[in-house]
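The values are calculated or read from the model by the stated rules, or taken from the named source; none is laboratory data. Just so it is clear, the structure is predicted and the values come from calculations on it, not from any experiment. Here the Cβ positions follow ideal geometry from the backbone for every residue, glycine too, while neighbour counts run over all protein chains shown. Keep in mind that these areas ignore ligands, DNA and RNA; they rest on the heavy atoms of the full protein, side chains included. Shrake-Rupley method; radii C 1.70, N 1.55, O 1.52, S 1.80 Å.
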Amino acid sequence: MSKSATAYHQRLHVLNLATGQEVPGSPVEIQASYAGSGPHNDGNGHVIFDPGAYKERPGLLLLNGTVYTAWSSHCDIAPYTSWIIGYDEKTLAQTRVLNLDPNGAPNSTFLSDGSGNAFWNSGAGPAADANGNIYALSANGPFDATLLNGFPSHGDYGDTFLKLSTQGSLAVSDYFTPFDQATDAQNDADLGSGGALVLPDMTDGSGEIRHLAVGAGKDSNIYLVDRDNMGKFLPGATSNSYMYQELVGALPGGEFATAAYFNGSIYYGPVGGALRRFTITQARLDAAPAAITSTVFAYPGVTPSVSSSGNTAGIVWAYENSGNNQAVLHAYDATNLQELYNSNQNPLRDQFGQANKFITPTVCNGKVFVATQNSVAVFGIFAQKPPPGPTPPVLSFSGLAALVKNSAWPYTEILSGTMDWNNYSAQQFDTSDGKTSYVLFSDTEQLSNTERTQIRITIRHPNPVQIFLLDLVTMSFINLPLDVWDNGQTAKANVVVTSHPQLLIVQ
């Protein structure tokens, strides 16, 4: 959101990944209207999108060529309603608009003007299935319990697990609303504090394939819905027995995040609680967690991510918004939730900034990306040394006349020596004067013009080499021509020797 003079603006931007620059036609101004008489209506039968009343907290969803934006209010500052707006990913033309609180009825004392039903989901974007349906959880606000063919007659869906069809216009095709929605709306216990997660197909105890999704919110319950029959709303009900499965009180403190799924388990991290793993057996959640972390996560809990090698080597990544305002990244074994690593273990190296809420670790190309209040940190595996290969041949020579460092004047004859091709540092050799001498290996280019004589040497080596001379007085170098025979197994060269002390250099 931005502001110019007294006008607020919401815009959709498209950037070139390579340059970070806007693409042609970007950005576009977010504007929308929808049939209704609810809060912020124009008096002509339409509610109007007011850019100053909303923030785009939920993530974007790209589905079948359409970018979907979902909108939340600034806390519970009325008036506001509930918007999902779609744009063509190429032209940025607005293609779909849906408002889930168009008439604001019935209202509550908490939001007495009929405001509500916005999407905030602790930053989670809408989810989607392979058939192009969208799933999202709405926040507290009006739910019209007067049903028409099972759907609210005024189109108001507060505290609801929604299934939206994208065939033609965007519309509610199915839903689940808890029996105590009115109480939730009255007490600001909105379902929409968490995000929706679509699960892979599962087989139940009778052999039937189930298409499921899971979500949770402030009421601390986990809702596992059947995407083919979500349950809708049952007036007068005293429990949620009309939906697929509910784990009552499974997330004490409430859920301000979204679950992760891996290998038959889901992972939830409620406010003020441990990250926990719930296993799924025959398409139903087991009532008690199979594992929990030793770490307790303060507000807002944790939205976990999972990395793995297929169905093995699972790691659950969790971002902690710690009490000292220091961001902490944790890594847990996905099976038992035993901690493998956290960024406070080596704080001088790994601490990475001030924490923020609703941060989700993103895993890509072997790295973990995590945000702070003003930066993004990247975690990865240290570079590994390559496994040892075959032992390379050793270059050996003897009887070579050359001048070496620390030798007596005019020169010391190298009697024997070896050069390890894995080591380009100093090598010690036996010399005729009995002193400790070294041959150094380096790259060289020039030698000053001095009196010189010719000697011929032969060197055994595994690859073509270059032979250089170092003048210890002037510290100047020369790169001599080198002729190679026998596929690099034997090399011959004419080596220049001057009247100054010399050091033979081989690289």
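Overview of results
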item	result
Close pairs from segment 368-379: first modelled with pLDDT of 95 or more, partner surrounded by 11 or more Cβ atoms within 10 Å (Cβ to Cβ) and among the acidic types (Asp, Glu), Cβ under 8 Å, at least 6 apart	379/350
Meets criteria (among the β-branched types (Val, Ile, Thr) and loosely packed, with under 10 Cβ neighbours inside 10 Å) for residue 312	yes
Number of the condition not met by residue 39 [criteria: (1) more than 21 Å from residue 122 (Cβ to Cβ); (2) touching a residue at least 40 places away in the same chain (Cβ under 8 Å); (3) open to solvent by 20 Å² or more (accessible area, probe 1.4 Å)]	(3)
Of all residues making up segment 248-276, the number that are open to solvent by less than 20 Å² (accessible area, probe 1.4 Å) and in contact with a Phe, Trp or Tyr (Cβ under 9 Å, 6 or more places away or on another chain)	16
Among (1) under 22 Å from the mean Cα position of the chain (by Cα); (2) in contact (Cβ under 8 Å) with a residue 24 or more places away in the chain - the single one residue 312 does not satisfy	(2)
Scan of segment 276-295 for residues that are under 16 Å from residue 333 (Cα atoms) and in a strand (DSSP E or B), ordered by number	276, 277, 278, 279, 291, 292, 293, 294, 295
Filter result (touching a Leu at 6+ places or on another chain (Cβ under 7 Å) and either buried (at least 24 other Cβ atoms within 10 Å of the Cβ) or assigned to a strand (DSSP E or B) (or both)) within segment 115-125	117, 121
Where residue 109 falls short, out of the listed (1) touching a helix residue (DSSP H, G or I) at 6+ places or on another chain (Cβ under 7 Å); (2) open to solvent by less than 10 Å² (accessible area, probe 1.4 Å)	(2)
Qualifying residue in segment 3-22 (condition: assigned to a loop (DSSP other than H, G, I, E, B), crowded, with 18+ Cβ neighbours inside 10 Å and touching a Lys or Arg at 6+ places or on another chain (Cβ under 8 Å))	no
Tally of residues being open to solvent by less than 20 Å² (accessible area, probe 1.4 Å), out of contact with any Lys or Arg (no Cβ under 9 Å at 6 or more places or on another chain) and not aromatic (Phe, Trp, Tyr) across segment 277-294	1
When residues of segment 317-330 are limited to those that are closer than 11 Å to residue 295 by Cβ and among the aliphatic types (A, V, I, L, M), the one nearest to the chain's Cα centre (by Cα)	318
Segment 132-185, subset in contact (Cβ under 8 Å) with a residue 60 or more places away in the chain and in a helix (DSSP H, G or I), residue surrounded by the most Cβ atoms within 10 Å (Cβ to Cβ)	185
Residues that are closer than 18 Å to residue 130 by Cα, touching a Pro at 6+ places or on another chain (Cβ under 9 Å) and outside any strand (DSSP E or B), drawn from segment 212-232	none
